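Structure first, then comments.
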Amino acid sequence: QVQLVESGGGLVQVGGSVRLSCVASGRSFSRYAMGWFRQAPGKEREFVAAITWSGGGTYYADSVKGRFTTSRDNAIMYLQMNSLKPEDTAVYYCAARGREYSGGSVSPNGYNYWGQGTQVTVSS
């Protein structure tokens with residue numbers, strides 16, 4: 001059974017940092033591109049970052065570029081979040097694509113597998 005589990009969320013002050021992890025199991029996710037999305041209350045789920053299956057390519061939303069960094073170690077993906085702002089408050093989800101060796105995608109529709117989400121709250 002395919003499973004993605006996020007961890008590392010919590011309450012952090014403005015300007016602080018937090019590191020999210022996503023552990024993938026149930027198949028060889030080292031061959032699949034993965035991504036991070038977030039959803040704030042009353043808003044649609046939005047793209048945050050993506051990483052290719054090899055880890056050699058990364059993509060970021062303009063709103064987080066220069067502050068967030070995604071990386072992976074085979075089937076574990078990370079999101080290092082620095083210089084956090086109140087508008088970064090959201091539930092963060094990790095996702096994996098359904099086709100081997102595909103590139104990253106900025107659309108939620110490009111992903112077949114999702115974690116349950118982890119809350120990140122940035123307080124001012």
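What region 67-118 shows is 45 Å² of accessible area per residue, with the surface traced by a 1.4 Å probe over protein heavy atoms.
Just the protein heavy atoms count here, and of the accessible area of the chain at 1.4 Å, carbon and sulfur take up 44 percent. Computed over every Cα-Cα pair of the chain and binned at 10 Å starting from 0, the pair-distance distribution P(r) comes out as 15, 51, 29, 6, 0 percent.
Placing +1 on the Cβ of every Lys and Arg and -1 on the Cβ of every Asp and Glu, with no other charges, gives region 13-54 a dipole of roughly 120 debye about its Cα centre. The calculated FRET efficiency for the pair I76 and A40, based on their C-beta separation and a Förster distance of 30 Å, comes to about 0.70.
Taking a Cβ cut-off of under 11 Å around V14, the surrounding Lys, Arg, Asp and Glu residues balance to a net charge of -1, with basic ones at +1 and acidic ones at -1. Only Cα pairs under 8 Å and 6+ residues apart enter the sum, and on that basis the relative contact order of the chain stands at 36 percent. With just the Cα atoms defining each centre, how far is region 1-78 from region 91-107? Give it in Å. Here the two parts' Cα centres lie 9 Å apart. Convex hull of alpha carbon positions in region 13-78: directionally averaged projected area 5.4 nm². Under the combined filter of DSSP loop state and at most 11 neighbouring Cβ atoms within 10 Å, region 11-55 retains these trypsin sites (Lys or Arg not before Pro): K43. Applying 1/(1 + (r/R0)^6) with r as the Cβ-Cβ distance of Y101 and L11 and R0 = 35 angstrom yields a FRET efficiency of 0.35.
The values are calculated or read from the model by the stated rules, or taken from the named source; none is laboratory data. Bear in mind that the values here come from a model prediction, so they are computed numbers and not experimental data. Because the Cβ atoms are built from the backbone with ideal geometry, glycine has one as well, and the counts that use them run over all protein chains shown. Protein only, heavy atoms only, side chains kept; ligands, DNA and RNA dropped before computing areas. Shrake-Rupley method; radii C 1.70, N 1.55, O 1.52, S 1.80 Å.
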